[in-house]
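Asks: Please read through the structure below; I'll follow up with questions.
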Amino acid sequence: MRFYTKDYYTLMMSLGSASLYEPVIDKDYTDEEIEELYQKALDRYVEEERASYDEPPEIFYDEDGKPEDLEDFALEMAEYESRPAFDEEEAASDFEDIYKDNLENPDEDIPQWVRETVDPRILAMYCMPEKTYRKLVEEDEANEERFDALDERADEALEEMREVLPEEYEELMDNLDEMENTYVISFAAEGDEIELALEGWDEEGEEVTYKLRFDEVDIIENEGIEVHSSIDEDGDLDSDCEYLYSELYIEDGRPEVHLMFDNNGLKYLTFRCSEAYTYQERKE
């Protein structure tokens with residue numbers, strides 16, 4: 001990858017991380033005080049959920065100031081007015097699940113120095129000691145400036161890449177773009193072929209399976225892509241691999257494909273090929 005790099009993605013994912021947390025007093029907390037913090041965080045979460053639940057439907061207006069989709073709005077308003085009472089116990093249970101999940105899987109988008117210095121129980125309830133919080137806010141502001149500069153260069157590079165791309169490869173580039181931010185079902189790199197299957201959605205919002213095949217492949221870089229996927233008890237895909245970004249160049253008359261995945265860490269896959277095939281299947 002030349003511009004949508006690991007550094008670019010990591011920086012993007014870290015932006016605004018402090019905004020998710022509530023500052024609390026700097027001190028060594030006893031177990032009893034941790035319980036008090038938890039109860040306050042729980043109460044705050046429940047009230048925020050209640051406020052969201054009680055928010056009435058919104059009317060949207062076009063450029064001329066005329067209301068849009070009034071029929072849909074009337075249906076939404078009818079559903080809103082007949083909604084059951086807010087379930088406080090369910091909201092509290094959701095918070096407990098979030099807290100437990102955060103303890104088991106700490107937020108990797110906040111810096112390591114935060115995770116190493118703050119009691120994980122405090123972070124799991126989306127709280128943070130004041131000094132740490134202020135330092136993270138300053139870091140967020142610096143990172144945002146740095147990311148804006150990287151993003152501007154990436155936009156320019158993407159435009160340049162598309163300008164010199166031969167017409168016969170424009171559809172491939174469009175398809176690779178469309179598939180970004182989807183989960184990988186399977187990946188195989190055998191002989192001189194690479195095949196991938198991904199789960200995504202088409203323009204109508206219907207669930208589809210994307211399939212890609214590249215022939216006569218010469219791999220330049222493969223950082224160990226290894227996909228494990230399954231269908232959970234609810235029928236949803238569970239995959240340890242997400243396809244994030246792509247870049248496409250023509251080198252020595254052949255397509256050179258650059259891909260980046262989140263596959264138990266960020267990994268690159270770069271190769272040249274002679275043929276590329278992409279298609280999609282509507283899921284039943």
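The values are calculated or read from the model by the stated rules, or taken from the named source; none is laboratory data. Worth saying up front: this structure is predicted, and the values here are computed from it rather than measured. Neighbour counts are summed over all protein chains in view; Cβ atoms, including those assigned to glycine, are modelled from backbone coordinates with ideal geometry. Quick note on the areas: whole protein, heavy atoms, side chains included, nothing else; ligands and nucleic acids left out. Shrake-Rupley method; radii C 1.70, N 1.55, O 1.52, S 1.80 Å.
Asks: Mind telling me which of the residues GLU195, GLU226, GLU204 ends up being more than 17 Å from HIS258 (Cβ to Cβ), acidic (Asp, Glu) and surrounded by 14 or more Cβ atoms within 10 Å (Cβ to Cβ)?
Replies: After ruling out the rest, the residue left standing is GLU195.
Asks: Let me ask another. Quick one: which of GLU88, GLU138, GLU152 is touching a helix residue (DSSP H, G or I) at 6+ places or on another chain (Cβ under 8 Å), at pLDDT 95 or above and open to solvent by 80 Å² or more (accessible area, probe 1.4 Å)?
Replies: GLU88
Asks: Are there any strands (runs of 3 or more DSSP E) wholly within segment 195-284 with 2 or more residues that are within 25 Å of TYR8 (Cα to Cα) and either out of contact with any Asp or Glu (no Cβ under 8 Å at 6 or more places or on another chain) or among the polar types (S, T, N, Q) (or both), and if so which?
Replies: Working: elements: 207-215, 218-222, 229-231, 237-239, 242-251, 254-262, 266-272, 275-282.
Filter on segment 195-284 gives 218-222, 242-251, 254-262, 266-272.
Asks: What is the one condition in (1) open to solvent by 50 Å² or more (accessible area, probe 1.4 Å); (2) touching a Leu at 6+ places or on another chain (Cβ under 8 Å) that HIS258 does not satisfy?
Replies: Exception for HIS258: condition (1).
Asks: Has segment 167-183 got any residue that is without any contact (Cβ under 8 Å) to a residue 60 or more places away in the chain, in contact with a helix residue (DSSP H, G or I) (Cβ under 9 Å, 6 or more places away or on another chain) and in a helix (DSSP H, G or I)?
Replies: Yes: segment 167-183 contains one or more residues that are without any contact (Cβ under 8 Å) to a residue 60 or more places away in the chain, in contact with a helix residue (DSSP H, G or I) (Cβ under 9 Å, 6 or more places away or on another chain) and in a helix (DSSP H, G or I).
Asks: In segment 212-250, what count of residues is obtained for those that are over 18 Å from SER186 (Cβ atoms) and basic (Lys, Arg)?
Replies: Within segment 212-250, residues that are over 18 Å from SER186 (Cβ atoms) and basic (Lys, Arg) number 0.
Asks: Among the residues in segment 69-78, are any open to solvent by less than 80 Å² (accessible area, probe 1.4 Å), under 25 Å from the mean Cα position of the chain (by Cα) and more than 30 Å from PHE261 (Cβ to Cβ)?
Replies: No, every residue in segment 69-78 fails to be open to solvent by less than 80 Å² (accessible area, probe 1.4 Å), under 25 Å from the mean Cα position of the chain (by Cα) and more than 30 Å from PHE261 (Cβ to Cβ).
Asks: Could you tell me which residue of segment 48-63 is nearest to the chain's Cα centre (by Cα), considering only residues that are farther than 22 Å from PRO84 by Cβ and assigned to a loop (DSSP other than H, G, I, E, B)? Reasoning before the result, please.
Replies: Within segment 48-63, the first condition is being farther than 22 Å from PRO84 by Cβ, and the residues that meet it are 59-63.
Checking which are assigned to a loop (DSSP other than H, G, I, E, B) leaves us with 59-60, 62-63.
Values: ILE59: 29, PHE60: 27, ASP62: 30, GLU63: 31 Å.
Among them, the one singled out is PHE60.
Asks: What number of residues in segment 40-57 are farther than 21 Å from LEU123 by Cβ, in contact with an Asp or Glu (Cβ under 9 Å, 6 or more places away or on another chain) and either among the small types (Gly, Ala, Ser) or free of Cβ contacts under 8 Å to residues at least 12 places away in the same chain (or both)?
Replies: Total satisfying the criteria: 0.
Asks: Now for a separate question. Among the residues of segment 13-47, write down those that are at pLDDT 95 or above, assigned to a helix (DSSP H, G or I), among the aliphatic types (A, V, I, L, M) and surrounded by fewer than 16 Cβ atoms within 10 Å (Cβ to Cβ).
Replies: ILE34, the sole residue that qualifies.
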